[in-house]
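As structure tokens, the structure follows; a few thoughts come after it.
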Amino acid sequence: MTDTPSAPSNTVYVLNGPNLNLLGLREPEIYGSDTLDDIAGMLEDKAREHGLTIEMRQTNYEGMLVDWLHEAQAEGARAVLLNAAAYTHTSIALLDAIRAITTPVIEVHLSDPKTREDFRHLSYVGMAAAKTIEGHGAASYTIALDAVINGEV
Ligand code: DQA
């Protein structure tokens with residue numbers, strides 16, 4: 001059972017899926033040269049200015065992302081920025097997890113999957129996410145955080 005949500009805290013969970021640990025090295029012509037640590041630094045700087053805290057995580061395991069979404073709800077996270085990477089296009093478990101929680105989830109992608117291979121056009125995450133930000137490289141993450149700061153979700 002999902003825990004009862006707590007009152008919203010100042011923490012924004014930033015959950016990253018498979019292969020994003022290789023960001024900076026992995027297909028830089030598509031994903032850019034910033035590493036996940038670089039992105040964490042950008043988010044932390046912006047969050048600090050607005051009294052928010054970033055909880056940055058990465059996993060290559062689908063179920064871990066499900067557990068972390070449940071945790072975000074149980075901990076009363078303000079919002080979740082979720083780059084589920086390839087699981088975006090395959091995971092009904094993530095769709096269900098996002099629907100199971102009341103914490104707003106923003107779908108984030110560095111690239112624009114809609115302009116890439118056909119198999120990336122379907123997004124299970126996008127079916128449940130409050131908003132989607134994609135195609136801006138590392139800035140997709142900071143734009144998504146701005147949406148949280150501006151109360152758009
Ligand atoms: C991605 C896009 C996905 O299609 C891909 O599987 C990824 C990264 C992005 O951030 O552009 O791993 O989520």
Exercise. Out of residues 5 or more away from T53 or on other chains, whose amide H comes under 5 Å of its own, with H placed 1.01 Å from N in the peptide plane?
Worked result: T11, V12
Seminar exercise, completed: Listed by chain and number, the residues whose amide H is under 5 Å from that of E134, excluding neighbours fewer than 5 places away on the same chain and using placed H, are H109
Exercise. Accessible area per residue, 1.4 Å probe, Å², for the chain: what's the number?
Worked result: 47 Å²
Seminar exercise, completed: Relative to the compact-globule estimate 2.2 N^0.38 Å (N residues), the Cα gyration radius of the chain stands at a ratio of 0.96
Problem set entry | Distance (nanometres) between label positions extended 7 Å along Cα→Cβ at H50 and I30 | 2.9 nm
Seminar exercise, completed: HN-Hα couplings for segment 80-85 via Karplus (6.51, -1.76, 1.60; θ = phi - 60°), in whole Hz with x for Gly/Pro, come out as 10, 9, 10, 9, 7, 6
Exercise. When the accessible area of the chain is split by element with a 1.4 Å probe, what percent falls to carbon and sulfur?
Worked result: 49 percent
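The values are calculated or read from the model by the stated rules, or taken from the named source; none is laboratory data. Everything numeric here is computed off the predicted structure, so don't read it as measured data. Please note: Cβ atoms are built from the backbone with ideal geometry, for glycine as well, and neighbour counts cover all protein chains shown. Note: accessible area is taken over every heavy atom of the protein model, side chains too, but ligands, DNA and RNA are not part of it. Shrake-Rupley method; radii C 1.70, N 1.55, O 1.52, S 1.80 Å.
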